[in-house]
Structures are given as structure tokens and as C-alpha cells.
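S.K.: Quick one: structure below, then a few questions.
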Amino acid sequence: MAELYAAQDITMLAAYPVCFGGISLNVPPVNPGSTEPNGIKVRVPAIKSFQLTAAALGYIPSPIPFSEAFTAVQTGVVDGVIGSGAEGYYASFRDVTKTYFPANTHFEVWYLIASNESLARVGEDDQAALRAAAGAFEATRVPVALDGAPLALPEGANLAAALLAAGVSVFRATPVSGAPRGPFCMMGACFDCLVEIDGVTRQACLAEVQAGLAIGRPRGRTRG
């Protein structure tokens, strides 16, 4: 991403992983799991990739600014929204959400960026302070252990998202077949992200990263 920003004369100062995206609806779902057209109109960001994703999943995309999204759902202009994750929907749309689909439409990362023109107008001392703050923000990692192996994760981040960003894809194995499982819904509705945290079995998507966590996979020790 730093190279893509650089090509636009923009400096990427820091990046922070946030969540996987899904679909929030204020109407009953139509043929869940099918990509056939369902007649449901959803708000999408004014970004072509989101419009194409919604259409590919069978929805009717309607580009609407985020500031108008809640009112659009509340008044029936659209039937739902695409463009955020479970945490964002709970914070901003829980009063108009009847169904949530963990479709993993995107992986959201927040970037701290500045145009090179803007940076050039800032004094050297302020530039150095800004870069130092950005570096500290991005590098804020605390030590945890996964199956006894040391790992550094961003403090305060969603545990499931942080583990995925660190390259961990297998969180547990199913009791019967031993099939690998990893985060699916990212909102606590399923149990595919179960891990043992300090000896207690919990859903990783409902936990925050804290220094010293002892994380274990409930069954098996498959590396992902």
C-alpha cells in the first residue's frame, strides 16, 4: 500500500488492521447464501469495488454517503448496508439491523496518510514528531503466546483480527473430524474462532489483545 500511495504523491505513515466486512439488513433475507438476484437494495460506499461486490452477491447497490446511510435504511430508501464490519454495524446501525451476514466482503485497514505537499509545509521538527507518533501507533505491540510460541500483537485490537493479520488462519479443530476452523462471523454469532485464553475457552472475536495473554487452540496444534 505504501507504494500505491507513493505513486499518488502521498506518504503512508501507519496502518492498523480493523475488521472483516459483512452485510447488515433491515429486511428478511432472501435466499441466504445464494448469489442470484434477490431484489434487496443496499447502501454501498461510492467505490466501484463495493458496487461490484454487492451486485455479484445478488444485491442492488446504491452509492450513498455514510452520513446519510442510517436515515436511508430507517426510511426504506435502502434495505441494508455494505461497507463495514460487525463492530461498526453494532455501533452505528444496531437499531435498524435485523440480519447480519458475515460475508467477509473486505478486510478493513485504517491508514494514516498525508500528502507530500502537506508534509513539505510542516517544519522538520513537526514532521519528525508526526512520524514518531505514527511509528509508535503502528508499532504498539504487546507480547502474547500462541500455543506457547511468542507473538507480538497490537494492544487493544480485536484478538481474532490481530491473529489473522499475523498470519494465523487456524484457530481450532472440530471435535469429531479434526477439521481446521478459523474466524467466520467476527461478531460472536458462531464459534469457529474459539481459543483458550489464559485457560478459559472464549471466542477470539469478542476479546481484545492484552499483554501477556496465553492463547491456545482448544484441540490439536495445527499451525496455520
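S.K.: Take the range 115-124 and flag every residue that is closer than 12 Å to Gln8 by Cβ and touching a strand residue (DSSP E or B) at 6+ places or on another chain (Cβ under 9 Å).
M.R.: Start the filter on the range 115-124 by keeping residues that are closer than 12 Å to Gln8 by Cβ, which leaves 115-117.
If the condition is that a residue be closer than 12 Å to Gln8 by Cβ and touching a strand residue (DSSP E or B) at 6+ places or on another chain (Cβ under 9 Å), then Ser115, Asn116 are the ones that fit.
S.K.: Now, a different point. Among the residues of the range 20-53, what is the count of those that are among the aliphatic types (A, V, I, L, M), surrounded by fewer than 20 Cβ atoms within 10 Å (Cβ to Cβ) and not in a loop (DSSP other than H, G, I, E, B)?
M.R.: Quick first cut of the range 20-53, residues among the aliphatic types (A, V, I, L, M) only: 23, 25, 27, 30, 40, 42, 44, 46-47, 52.
From what's left, surrounded by fewer than 20 Cβ atoms within 10 Å (Cβ to Cβ): 27, 30, 46-47, 52.
Applying the additional criterion that residues be not in a loop (DSSP other than H, G, I, E, B) yields 52.
Here the count works out to 1.
S.K.: For the structure I just gave you, tell me whether Thr71 is surrounded by fewer than 15 Cβ atoms within 10 Å (Cβ to Cβ), under 26 Å from Pro183 (Cβ atoms) and of a type in the set (Val, Ile, Thr).
M.R.: Numbers: surrounded by fewer than 15 Cβ atoms within 10 Å (Cβ to Cβ): yes; under 26 Å from Pro183 (Cβ atoms): no; of a type in the set (Val, Ile, Thr): yes.
For Thr71, the condition - surrounded by fewer than 15 Cβ atoms within 10 Å (Cβ to Cβ), under 26 Å from Pro183 (Cβ atoms) and of a type in the set (Val, Ile, Thr) - is not met.
S.K.: Tell me yes or no: at least one residue of the range 37-57 is among the charged types (D, E, K, R) and in contact (Cβ under 8 Å) with a residue 12 or more places away in the chain. Explain how you work it out, then say what you get.
M.R.: We begin by selecting, within the range 37-57, every residue among the charged types (D, E, K, R); these are 41, 43, 48.
Pick out the ones that are also in contact (Cβ under 8 Å) with a residue 12 or more places away in the chain and you get 41, 43.
Scanning the range 37-57, I find at least one residue that is among the charged types (D, E, K, R) and in contact (Cβ under 8 Å) with a residue 12 or more places away in the chain, so the answer is yes.
S.K.: I need the helices (runs of 4 or more DSSP H) fully contained in the range 86-201, keeping only those with at least 3 residues that are surrounded by 16 or more Cβ atoms within 10 Å (Cβ to Cβ) and in the same structural domain as Ser49 (by TED's automatic domain parsing).
M.R.: On the way: elements: 86-93, 116-120, 124-139, 159-165.
It comes to 86-93.
S.K.: Please work out which residue is modelled with the lowest pLDDT, limiting yourself to the range 62-83 and to residues that are part of a strand (DSSP E or B) and closer than 15 Å to Ile40 by Cα.
M.R.: Ile82
S.K.: All but one of (1) in contact (Cβ under 8 Å) with a residue 40 or more places away in the chain; (2) in contact with a strand residue (DSSP E or B) (Cβ under 7 Å, 6 or more places away or on another chain); (3) over 28 Å from Tyr90 (Cβ atoms) hold for Pro175; which doesn't?
M.R.: Of (1) in contact (Cβ under 8 Å) with a residue 40 or more places away in the chain; (2) in contact with a strand residue (DSSP E or B) (Cβ under 7 Å, 6 or more places away or on another chain); (3) over 28 Å from Tyr90 (Cβ atoms), only one is false for Pro175: (2).
S.K.: Now for a different question. Provide a single number: the residues in the range 5-61 that are closer than 28 Å to Thr140 by Cβ, at pLDDT below 90 and of a type outside the set (Phe, Trp, Tyr).
M.R.: 7
S.K.: Run Glu138 past the list (1) of a type outside the set (Val, Ile, Thr); (2) out of contact with any Lys or Arg (no Cβ under 9 Å at 6 or more places or on another chain); (3) farther than 21 Å from Tyr16 by Cβ and report the number of the one that doesn't hold.
M.R.: (3) is the only condition that Glu138 fails.
S.K.: From the list Ala86, Ala157, exactly one residue is of a type in the set (Gly, Ala, Ser) and closer than 30 Å to Lys41 by Cα. Which is it?
M.R.: Numbers: Ala157 fails: closer than 30 Å to Lys41 by Cα.
Matching residue, one of Ala86, Ala157: Ala86.
S.K.: Any chance you could count how many residues in the range 189-200 are without any contact (Cβ under 8 Å) to a residue 40 or more places away in the chain and within 22 Å of Gly22 (Cα to Cα)?
M.R.: Residues meeting the conditions: 4.
The values are calculated or read from the model by the stated rules, or taken from the named source; none is laboratory data. The structure displayed is predicted, hence computed values, not measured ones. Ideal geometry is used to build each Cβ from the backbone, glycine not excepted, and the neighbour counts take in all protein chains shown.
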